[in-house]
Each structure stands twice: as structure tokens, then as C-alpha cells.
Ligand code: FES
């Protein structure tokens, strides 16, 4: 943890005094940022999996601020990784959450420039000659422009863009990236933006925010004659139910299932035709993604059944408790 500095140096950044340096700023160079290389490491894949959970959960149906973390926790959770370029994404240094139970959300805000942003920034990792580090928002000033849009302490600004209109009417957009920069490099990037030309000018801030992944507690009940004890597993919003159960060692495949395509038996591998993965939903149907047409037709006479391979838990980033019957044909 950074130690606080009694003096609070104020930075006049050339953009209408929009930023101040935070109380952790006096000790910035005592925190050296270790950079993890992820070009072929499992942590890279883990981060991608976390992001794909989030993407699979669909549009949030709840107030996502419920998953925000307090500043003290955020400071401990940010880290940076070097990502080699791949066919999926550009290379560079990116923010990540250390804990697999967290995810990094990306949010955008349009903020009026006149009067300043009203933010106190602080560097929580840095001390490198190349300027790489982690700078976060320490405080959102109550009377500033940022307080009106929803930025919170712990956010890290990763990009800013402004648009200016020339005399002949051409609109030019200038964008600077500030992801994984130390304090000084962040300020240098911000102050490189063209100055505002009117009171109505706005800057678009892209921030990354560490959030807790919504959890779904799933109680699994087995057919009575199997004498299997109920078990409870913890899933993250956005996980595919079948994959999540199999990776946690749950015996899911129903030997009584019959394929709908060929009439025989056998696992279709998530194709939605074998129904070996069907579960009975005793509680928490609302926590699953909506049924597709094919699944709806196949299970039309079983309104409480779902194909686990076609169901995403915590859909809409909703968390809660579920109870499922495994192999419901055998009850
Ligand atoms: S695995 Fe075949 S229907 Fe789900």
C-alpha cells in the first residue's frame, strides 16, 4: 500500500486546472510495477475467459454499481500485463484484475471541460523510466463535472478524446491513450489534448473499473435412487451451465436421454440435439438466458427443463441462488 503524503501537491495541467495529484503521489517512485508477460501464459487466457464470461451474460439488467469495490480494495487489485499481439487483439500493456473473482469493466463518459474534470489522481504503481505504471482516480470532487456522470474512486482513465471543429466546419478528433501509465506520463498525455474552444466542449473519458463478478450459487439435487448428496457449486455470471458443471466434476450426462436428430443415444457436444445435459429447474429459472427456438421446441412439454449446454447463468449480470435437478428423467 502506498503511504500518504502530508503535502498535497496541486497540478495545474493546462486544461483548466482539471486535475490534482492525490495524497499517494508523494511516494510514487517507491512502488515499482512488476509486469507480467502473458503472450503464452495461462493468466492471459484466464483474463480472456473472464472477459468472455462478461460478454456472454448479455446486457446488464441490474445496476452494475452493486459490483463496484471500495477504493482500498481496488488499489490492491489492479495489475498490468504485457500482451503480445494476436489475431484477437493488439499488443500492449493492459490493466487486469489480480483476483479471478473480479473482472475489468470498460465504461465511457462524456464530461464538460469548462470548469475542469474535478478529479484527484494518484499513482499506485510506477517508478519506471518508460513511464509505464498504474494511475487511478483517488477522489471525485463533489462539485466537479466528473461527479455528475458517475466516475468513482479506483477507476483508471485509459483514454481521452476531444473533437474540435475548424473554421471550415471540419471536425477533428484527437485521442490519447493513458492505459497503464504512471502519473507524470498520464498528465503529459492529457495535457497534449487541444484546449477547449467553447464552454460546451466535452471530453470523452474511457475508464476501466474493477468489479466483482456476480455469483450464482447452484444447488444440485440428484435422483433419489442414486443416494447422491446434494452439492452446491458457485458459478460466475456469464458461464455456460453445461461447461461450468462438467469442469467442476458434476456427473451431468443422462443415460436415459435419446437424441432428437438420430434417435440413438450419445453426447452431441453442446449441439442441442441429445438432451443428455437437460436439468430440471426447481428454483432460479429467471437467472438463466432465454430459451432459443430449437430448445423451446424440443422441451415444449417440459416447461421446467433446460438444456444446460444452451443456458448461460446469471444472464443480465444478475446474481442469486438456483436449485437444479440433475438427470430429471430419473426422478
Ligand atoms: S449436450 Fe447435447 S443437448 Fe446439450
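The values are calculated or read from the model by the stated rules, or taken from the named source; none is laboratory data. Just so it is clear, the model here is predicted, and its values are computed rather than measured. As a convention, Cβ positions derive from the backbone with ideal geometry for all residues, glycine included, and neighbour counts pool all protein chains shown.
Here residue 233 meets the list (1) over 30 Å from residue 138 (Cβ atoms); (2) more than 16 Å from the ligand (Cβ to nearest atom); (3) crowded, with 18+ Cβ neighbours inside 10 Å almost entirely, failing just condition (3). Of all the residues in segment 139-157, those that are outside any loop (DSSP other than H, G, I, E, B) and buried (at least 22 other Cβ atoms within 10 Å of the Cβ) number 3.
In segment 166-175, the condition of being over 22 Å from residue 82 (Cα atoms) and in a helix (DSSP H, G or I) is met by no residue. Any residue that is under 23 Å from residue 214 (Cβ atoms) and surrounded by 17 or more Cβ atoms within 10 Å (Cβ to Cβ) - is there at least one of those in segment 292-307? Checking segment 292-307: at least one residue is under 23 Å from residue 214 (Cβ atoms) and surrounded by 17 or more Cβ atoms within 10 Å (Cβ to Cβ).
Conditions (1) assigned to a strand (DSSP E or B); (2) free of Cβ contacts under 8 Å to residues at least 12 places away in the same chain; (3) assigned by TED's automatic domain parsing to the domain that holds residue 70; (4) surrounded by fewer than 22 Cβ atoms within 10 Å (Cβ to Cβ), marked per residue:
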position	(1), (2), (3), (4)
99	no, no, yes, yes
103	yes, no, yes, no
106	yes, no, yes, yes
109	yes, no, yes, yes
116	no, no, yes, yes
121	yes, no, yes, no
125	yes, no, yes, no
130	no, yes, yes, yes
135	yes, no, yes, no
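In the condition set (1) away from the ligand (no atom under 11 Å from the Cβ); (2) assigned to a loop (DSSP other than H, G, I, E, B); (3) on the phi < 0 side of the Ramachandran plot, residue 217 is compliant with all but (2).
Close contacts from segment 262-275, counting a first residue that is at positive phi and a second that is in a loop (DSSP other than H, G, I, E, B) and near the ligand (Cβ under 6 Å from one of its atoms), with Cβ to Cβ under 8 Å and a gap of 6+ residues or different chains, come to 266/274; 266/276; 270/277.
Surrounded by 17 or more Cβ atoms within 10 Å (Cβ to Cβ) and modelled with pLDDT of 90 or more - does that describe any residue in segment 84-92? Within segment 84-92, not a single residue is surrounded by 17 or more Cβ atoms within 10 Å (Cβ to Cβ) and modelled with pLDDT of 90 or more.
Among the residues of segment 280-290, those identified as closer than 11 Å to residue 310 by Cβ and either outside the structural domain of residue 237 (by TED's automatic domain parsing) or crowded, with 17+ Cβ neighbours inside 10 Å (or both) are 288, 289.
Residue by residue, here is whether (1) outside the structural domain of residue 65 (by TED's automatic domain parsing); (2) part of a loop (DSSP other than H, G, I, E, B); (3) closer than 30 Å to residue 67 by Cβ holds:
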{"site": "233", "(1), (2), (3)": "yes, no, yes"}
{"site": "259", "(1), (2), (3)": "yes, yes, no"}
{"site": "266", "(1), (2), (3)": "yes, yes, no"}
{"site": "270", "(1), (2), (3)": "yes, yes, yes"}
{"site": "294", "(1), (2), (3)": "yes, no, no"}
{"site": "300", "(1), (2), (3)": "yes, yes, no"}
{"site": "306", "(1), (2), (3)": "yes, no, yes"}
{"site": "317", "(1), (2), (3)": "yes, yes, yes"}
